[in-house]
Amino acid sequence: MNPVITAFEASPDRGHGLARDMPVRWAFEEVGQPYDVRLVSFAAMKAPAHRALQPFGQIPTCEQDGLMLFESGAIVPHITEGHPGLLSADPDARTRGIAWMFAATRIVEPAVVDRELAWFTERDKPWYAERHPAIDRRIATGSTC
């Protein structure tokens, strides 16, 4: 049975992987693992059935062989454990790969989400023209300032 991931049906790409489910899709595609996608609405994400899978009412989740995981930062390492090649067998190189996984979820992703949120909610505001390049610098440099 293929793993099943959840994606947000109302994302700008209508659930095709340009939201927080993208790293999970990318990892599965890198290892050649077919997967299925269950699209969820905003209302469904906040409902008890989804919160039983993801306590914060977000995406993605991943269900595979009776194991339910949430958070791409947990799902991707799980995928690497079952598929040789995503992380090096060399301990130092493996640790550097893990460091980049943490950087993606702790530094890069929040800035990218901030950029998208600003575009959706602030692009008509006078400060947007000044804020947008600052967010792009955060993404490029990893700076939190």
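For the chain, the 222 nm mean residue ellipticity estimated from helices alone, with every DSSP H stretch of n ≥ 4 adding -39500 (n - 2.57) and the total spread over all residues, rounds to -14500 deg cm²/dmol.
P(r) tail for the range 1-106: Cα pairs beyond 25 Å make up 20% of the total. Structural descriptor for the chain: relative contact order 19 percent, calculated from alpha carbon pairs under 8 angstrom and at least 6 residues apart. Counted over the chain, the DSSP beta bridges are approximately 55% antiparallel.
Our summary of shape: the Cα atoms of the range 91-141 have principal axis extents of 50, 16, 8 Å, ordered from largest down, in whole angstrom.
Rule-based calculations on the coordinates, nothing more; no lab input. All values reported here derive from a predicted model rather than from experimental measurement.
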